[in-house]
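Shown next, in structure tokens, is the structure this report addresses.
The values are calculated or read from the model by the stated rules, or taken from the named source; none is laboratory data. The structure presented is a predicted model; accordingly, all values stated were derived computationally and were not measured. Here the Cβ is made from the backbone with ideal geometry for all residues, glycine too, and neighbour counts use every protein chain on show. Ligands, DNA and RNA are excluded from the accessible area calculation, which covers all protein heavy atoms including side chains. Shrake-Rupley method; radii C 1.70, N 1.55, O 1.52, S 1.80 Å.
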Amino acid sequence: DENCRNKTTNLAHSNSDILCSCVPPGLGGSFVPDTTVWPWATLADRHRELAVGGRWRPGACTARQRIAIVIPFRDRDEHLRILLQNLHPVLQRQQLEYQVFVVEQAFPHIFNKAALMNIGFHEAKKSIPFDCIVFHDVDMLPADDRQPYTCFQSPVHLGAYVDKYKYGGLYVPMFGGVAAFTKQQFEDVNGFSNSFFGWGGEDDDMRLRIASARLNIYRHPVEVSRYRMLQHRRDHRNPTNPFRGVAYRYRPTVYARNGVNSIKYKTHAYEEKPLYTWLLVEPVSSV
Ligand code: UDH
């Protein structure tokens, strides 16, 4: 709460000179995410409050932070529908100004989630002057309004507590699922490594990058920090990365040259859809 009060946003583009409350009036508590799979047309119809590209801002006050939500994605259409129908209402009840980006990796290469998140950072900067960027797995459903999708003095691990792991266990000290960085924090750690192909490792590497930049990781209390994880089968072209443990051998000299400052990619498609901004991309360098 104190963090919220200290934080003011640039009012130059505001639609009102009243700053939104630190405790938004429409905020609920915990809820059971809706996992119905609706057709896209139905979702678009239900979310007419959104501006094209999955953009929204509160009408009666100025949001305290502008947020870019980046979802690394491939071949999980049903999960995306389920996530968005739950996520948009949470962000709106929190009175945030935001835009949702879905960064999809083109086939046939092995999935590189970390590279997609670095690409999302560059692409989001072109569309919204964000204060905070949230990287969001498509299968993580928020289950409590009270965990803010905003940034703090340290990077925030929002996705630490997951129903699948009974809101505890091994997942907590990791850095996967959902995480928030200010622009500065993300640049200070030089984003994610571009060298993790397949499942695993990139989040451990990020923990080391954060420590190396002398930043802490902040987690909200488990009472409000809750996610429901959707079940899925092993994805096509995302095998467990046999080199994922290599993270522990990395050195700060590597962080400085392999990350958001070195990612190269091609953009095959860009489209502002009703619920999100879609990018189809291909990372073209592994360093
Ligand atoms: N993702 C996709 N498509 C893919 C793979 C991953 O969209 O083909 C994205 C998606 O946002 C997903 C995220 O990357 O939520 C993370 O991938 P994941 O869901 O496979 O990772 P998670 O940690 O995996 O959820 C848990 C089970 C993986 C098998 C365990 C291997 N030992």
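Taking region 131-148 only, how many residues are within 11 Å of the ligand (Cβ to nearest atom) and charged (D, E, K, R)? Total meeting the criteria: 2. Residues in region 201-221 that are in a loop (DSSP other than H, G, I, E, B) and more than 19 Å from I263 (Cα to Cα): A213, R214, L215, N216, I217, R219, H220, P221.
Residues of region 112-124 that are within 13 Å of the ligand (Cβ to nearest atom), touching a strand residue (DSSP E or B) at 6+ places or on another chain (Cβ under 7 Å) and either open to solvent by 10 Å² or more (accessible area, probe 1.4 Å) or more than 26 Å from E49 (Cβ to Cβ) (or both): N112, K113, A115, L116, M117. Among the residues of region 68-111, those identified as within 12 Å of the ligand (Cβ to nearest atom), out of contact with any Leu (no Cβ under 7 Å at 6 or more places or on another chain), open to solvent by 10 Å² or more (accessible area, probe 1.4 Å) and touching a residue at least 60 places away in the same chain (Cβ under 8 Å) are R74, D75, R76, F107, H109, I110, F111.
With the condition kept exactly as written, say whether any residue in region 25-38 is under 27 Å from Y270 (Cα atoms) and modelled with pLDDT of 95 or more.
Quick first cut of region 25-38, residues under 27 Å from Y270 (Cα atoms) only: 37-38.
Filter once more, so that each one left must be modelled with pLDDT of 95 or more: 37-38.
Checked region 25-38: at least one residue is under 27 Å from Y270 (Cα atoms) and modelled with pLDDT of 95 or more.
Please work out if A211 is surrounded by 13 or more Cβ atoms within 10 Å (Cβ to Cβ) and of a type outside the set (V, I, T). Here the answer is yes, as A211 does meet what is asked. No other residue among Y265, Y218 is aromatic (F, W, Y), under 21 Å from G159 (Cα atoms) and away from the ligand (no atom under 16 Å from the Cβ) apart from Y218.
So that you can scan it fast, the table gives a plain yes or no per residue for (1) surrounded by 13 or more Cβ atoms within 10 Å (Cβ to Cβ); (2) within 20 Å of the chain's Cα centre (by Cα); (3) within 21 Å of H109 (Cβ to Cβ):
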| site | (1), (2), (3) |
| --- | --- |
| Q184 | no, yes, no |
| N190 | yes, yes, no |
| E223 | yes, no, no |
| N238 | yes, yes, yes |
| P252 | no, no, no |
| A269 | no, no, yes |
| L275 | yes, yes, no |
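Scanning region 149-177 for residues being open to solvent by 30 Å² or more (accessible area, probe 1.4 Å), within 14 Å of the ligand (Cβ to nearest atom) and in contact with a strand residue (DSSP E or B) (Cβ under 6 Å, 6 or more places away or on another chain) gives a total of 3.
Among the residues of region 66-114, those that are within 16 Å of the chain's Cα centre (by Cα) and of a type in the set (G, A, S) comprise A68, A114.
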